[in-house]
Every structure is written in C-alpha cells, then in structure tokens.
1. Being out of contact with any Leu (no Cβ under 8 Å at 6 or more places or on another chain) and either without any contact (Cβ under 8 Å) to a residue 12 or more places away in the chain or closer than 23 Å to residue 126 by Cα (or both) is the filter; apply it to the stretch 46-67 and report the residue that is surrounded by the most Cβ atoms within 10 Å (Cβ to Cβ).
2. Can you tell me which residue among 255, 303 is at pLDDT below 95, open to solvent by 30 Å² or more (accessible area, probe 1.4 Å) and touching a Lys or Arg at 6+ places or on another chain (Cβ under 8 Å)?
3. Is the stretch 167-188 home to any residue that is buried (at least 16 other Cβ atoms within 10 Å of the Cβ), under 30 Å from residue 233 (Cα atoms) and either touching a residue at least 40 places away in the same chain (Cβ under 8 Å) or not hydroxyl-bearing (Ser, Thr, Tyr) (or both)?
4. State which residue is most open to solvent (accessible area, probe 1.4 Å) when the search covers only the stretch 76-108 and only residues that are within 15 Å of residue 194 (Cα to Cα) and among the hydrophobic types (A, V, I, L, M, F, W, C).
5. Considering 146, 125, which residue is farther than 27 Å from residue 279 by Cβ, under 25 Å from the mean Cα position of the chain (by Cα) and open to solvent by less than 70 Å² (accessible area, probe 1.4 Å)?
6. Would you check which residues across the stretch 228-259 are over 25 Å from the mean Cα position of the chain (by Cα) and either part of a loop (DSSP other than H, G, I, E, B) or within 21 Å of residue 305 (Cα to Cα) (or both) and list them?
7. Filter the stretch 219-245 down to residues that are in contact (Cβ under 8 Å) with a residue 24 or more places away in the chain and of a type in the set (A, V, I, L, M) and give me whichever is surrounded by the fewest Cβ atoms within 10 Å (Cβ to Cβ).
Amino acid sequence: MKNYIIFDLEWNQSAEGKENTIEHLPFEIIEIGGVKMDEEFRIISEFHKLITPQVYTQMHYKIVEVTHMDMGQLRQEGRPFVQVMKEFLQWCGEDYCFCTWGSMDLTELQRNMGYYQIEIPFVRPLLYYDVQKLYALQNGDTKIKPSLDHAVEELDILEERPFHRALDDAYYTGKVMQNLDFSKWKPYVSVDYYQLPQVKEEEIYLEFPTYSKYVSREFEAKEDALTDKRVTDMVCKDCKRMLRKKQRWFSLNQKQYFCLAVCPVHGFVQGKIRMKRSEQGKFYVVKTMKPVDEAGAERVFRKKEEQRQKRRERSSTRKIKKSSSACRK
C-alpha cells in the first residue's frame, strides 16, 4: 500500500550574504518535519527532528524572525544531518510518494544529501505532488502561488498549530490535501529537476489531461539544446502526430521560447520551452505542448510581433547612438 510522505524543511543561510554562501549549498537544513498519510489520506505517523548546523553556524536574522529558533536550541536539541536523514528515510518506508508545498524542499533536501555525500536513493525520474500547484489548479488559477497559511484560512481549516515550523507546516499541507478533489488532480504529478537525464534514453515525457511535458538531458550550451531535434519537435499529445510548425520557435528573453504548430485533426498546439541551468552549470529544457484555440494561437502571434517590435527598437537605438558618435567626431 502506497503512503504519502508530506514533509517540510526549515533551513538557515549565510548571515553575511551571498558572498559567503557555500557553492551548491545555499541553504542548510536545520529542521525536518513530516506526516505520513495512507491511501485514504488519514495521518498515521509523524516525524520531527532538529539538526545541528555544521556550515552556517550563525543564524540569519530572517530565519530567527520566521521560525523563532536560535543557534543555542539547535546545538542543544539538534543532531547531525547524516543521522537525521538516515532516520527520516527509514521512517518513510519502502512504498511512498513525496508531497510538498512548492518545489524547493525536494531540491534542498537532495542538495544537503549531496553535500554530506549521502547516497540519494530516490527513483528517477522523481515524481511527487506539489500541493501548492494542486490547490491552485482546484482554484482555477495556476499563475498565483498561494501561501500555505492563505490556503488553510480559505479552506477554513482549524488553525490549531503555529506556522513556519517544519512539522506544523507539513501537518497543514496534509490537511490541505485532505480538502482537495484528489481523484481529479491526481494525474498532475510534478517532476523533480535535481537529478536530470544524462542521455537521450533517460529523457522524461509526461502526459497530463490538458498538456504534455518533456524534460531534456543536459547540454553544454543553449545553442546545443536549441538545435536538438527532440527539443524542437512538436507532437500532438492526442494522436502522437509530428506537427508542422506554423510559427517557428522564438524568444522574448532568451529564457522562454514559444512556437505554434498545427495538428490536422486536433488543431493548434502551443509549444513553450523554459531554458534552465542545472546544478553543474549546464543547460536543460522543460518543454510543454498544449492544445489552444484560435484566441490562444493569436496570443502566440502577438508575442512574435512583440519580439519584432523590440528588435526594431534596439536597431533604431543602435543607429542613433552610431550617428551621434559620428557627429561628435
């Protein structure tokens, strides 16, 4: 029987700012809290441990303000991360699915495991439920990322614990899950990007009721990614047909790219590429493809026109500067 592990982390960071941040460890975990729920979403177990910091041994003032913890408490009550992580994994058991509020906790958990050279035992791809995303889906607006306390208040969940401590936030995240129409939103799993595909055969394809997603392997440069056929191909999620592009890939900011394709059976399909940096400083692509109506297709064309307009403005600015420079000479 699969259990749901709803966990939350609290972490510390460099009190002196970014210049004293350890590479690949911007946040050091100081608290892990979790609740285990069965398939009926009943809470069957809890986990809570404090961790003695080894990297950032001075508390950042914002962390103190939010969590009300101090270094003295962590040194007195905390235990080494390696020991706590071993106990946490044992508590999770064998057959489980992670659930978090937002996407950061799984990344930071694995970053800390990597720093302490703990083997990461999670299956790849690591699929989990982002309860914040599911809650936004149920509310009909995925562009807004509501806070946990806002969701608890909106759902009229009894606020019997404080917020901004690991176990309490995990408990409230579980309570939000209990209030979701999970049978409806269950297909919308999230995929963790910390451990990325290394070869073509490991690349990730996911299909959802309203769109499909592709996660590429790592590339040395953006140009390498954008010339790869798997990255740029457009496929209809319904009939799996390779599609003709009506508007080829273009970008407004070099981080997001758009295109528009046409399926002869199912109509317009919008493509969107998000270019991301991996932990190793390489590039990878998250591509989504979703059917759109004529209004959706028109929005893609307007984005393309916006790109052309910006290009014309930049060209005009360069000509003016060049002319002004020539006149001064």
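1. Applying the filter and picking the extreme gives 64.
2. Details: 303 fails: touching a Lys or Arg at 6+ places or on another chain (Cβ under 8 Å).
Answer to the selection: 255.
3. Taking every residue of the stretch 167-188 in turn, at least one turns out to be buried (at least 16 other Cβ atoms within 10 Å of the Cβ), under 30 Å from residue 233 (Cα atoms) and either touching a residue at least 40 places away in the same chain (Cβ under 8 Å) or not hydroxyl-bearing (Ser, Thr, Tyr) (or both).
4. Across the stretch 76-108, the extreme among qualifying residues is 104.
5. On the way: 125 fails: farther than 27 Å from residue 279 by Cβ.
Matching residue, one of 146, 125: 146.
6. Matches in the stretch 228-259: 238, 239, 240, 241, 243, 244, 245, 246, 247, 248.
7. 221
The values are calculated or read from the model by the stated rules, or taken from the named source; none is laboratory data. Computed from a predicted model, the values in this text were never measured in an experiment. Note: ideal-geometry Cβ built from the backbone for every residue, glycine included; neighbour counts use all protein chains shown. Side chains are part of the model used for accessible areas, which takes the heavy atoms of the whole protein and leaves out ligands, DNA and RNA. Shrake-Rupley method; radii C 1.70, N 1.55, O 1.52, S 1.80 Å.
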